[in-house]
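Structure first, commentary second.
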Amino acid sequence: MTNYRRLYHQGGCYFFTVNLANRQSKLLTEHIELLKEAFRHVKQHHPFVIDALVVLPNHLHCVLTLPEGDSNYSIRWQLIKRYFSYHLPYSADEVHSNSRAKKAERGIWQRRFWEHLIQNEHDYRAHIDYVHINPFKHQYVTQVRDWPYSSFHSWVEKGVYT
């Protein structure tokens, strides 16, 4: 079994990529309200700050900051995925495999996620920009402002972007 090494830093700011198991699926945007509810629910019990977030049909990118003294981002992702999966009606988009069946897992999410500890202000800005440019990069829109499932709009309101 692969030994995944994660970097846990108390109060850290992290960039994450979280994917659906079926990369052809559109479950995240089709069930955006459920995803928002999952984030809200987990945030109540395990606080965090969403610095930037973009939800695409089959994956999401975000920059999250954890509270001082807390480094457990893994539990947050586990609970967000679990909440979303539990409340989502069964879908033909789910990936079925023997290993998932043995563990009584639904085939909605990839089991792992990708994380990166933000190192400094330049790194922070680069990842915030990456989050916001992603719908354009994947050709969902011709202008970033046209993608509705993005924190880009709140950054415009703050005056960071024009």
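The values are calculated or read from the model by the stated rules, or taken from the named source; none is laboratory data. Just so it is clear, the model here is predicted, and its values are computed rather than measured. Every residue, glycine among them, receives a Cβ derived from its backbone with ideal geometry; neighbour counts consider all protein chains shown. When the accessible area is computed, the model is the full protein with side chains, heavy atoms only, and any ligands, DNA or RNA have been set aside. Shrake-Rupley method; radii C 1.70, N 1.55, O 1.52, S 1.80 Å.
When restricted to residues that are among the hydrophobic types (A, V, I, L, M, F, W, C) and over 20 Å from P148 (Cα atoms), segment 30-48 contains 2. May I ask you to verify whether S71 is over 16 Å from N19 (Cα atoms), open to solvent by less than 70 Å² (accessible area, probe 1.4 Å) and either touching a residue at least 12 places away in the same chain (Cβ under 8 Å) or among the aromatic types (F, W, Y) (or both)? So S71 fits the description; yes. For R111, the criteria (1) over 12 Å from the mean Cα position of the chain (by Cα); (2) crowded, with 16+ Cβ neighbours inside 10 Å hold in every case but one, which is (2). Look at E121 and say whether it is among the acidic types (D, E), surrounded by fewer than 13 Cβ atoms within 10 Å (Cβ to Cβ) and without any contact (Cβ under 8 Å) to a residue 12 or more places away in the chain. Answer is yes for this residue. Give me the pairs, please: first residue somewhere in segment 30-47 and free of Cβ contacts under 8 Å to residues at least 40 places away in the same chain and surrounded by 14 or more Cβ atoms within 10 Å (Cβ to Cβ), second residue anywhere and assigned to a helix (DSSP H, G or I) and β-branched (V, I, T), beta-carbon distance under 8 Å, and either six or more positions apart or on two chains. Close Cβ pairs (under 8 Å, with a partner that is assigned to a helix (DSSP H, G or I) and β-branched (V, I, T)) amount to H46/I75.
Does A104 satisfy being within 20 Å of R23 (Cα to Cα) and modelled with pLDDT under 75? Taking the combined requirement at face value, the residue does not satisfy it. Looking only at residues of segment 80-100 that are without any contact (Cβ under 8 Å) to a residue 40 or more places away in the chain and open to solvent by less than 40 Å² (accessible area, probe 1.4 Å), we find that the one that is farthest from L34 (Cα to Cα) is R100. Per this entry, H46 is counted among residues that are more than 19 Å from H132 (Cα to Cα), at pLDDT 95 or above and of a type outside the set (D, E). Could you tell me whether any residue of segment 57-68 is of a type in the set (A, V, I, L, M, F, W, C), open to solvent by 30 Å² or more (accessible area, probe 1.4 Å) and either modelled with pLDDT of 95 or more or over 10 Å from the mean Cα position of the chain (by Cα) (or both)? Looking through segment 57-68, none of the residues is of a type in the set (A, V, I, L, M, F, W, C), open to solvent by 30 Å² or more (accessible area, probe 1.4 Å) and either modelled with pLDDT of 95 or more or over 10 Å from the mean Cα position of the chain (by Cα) (or both). Residues in segment 16-42 that are outside any loop (DSSP other than H, G, I, E, B) and touching an Asp or Glu at 6+ places or on another chain (Cβ under 7 Å): F16, L27.
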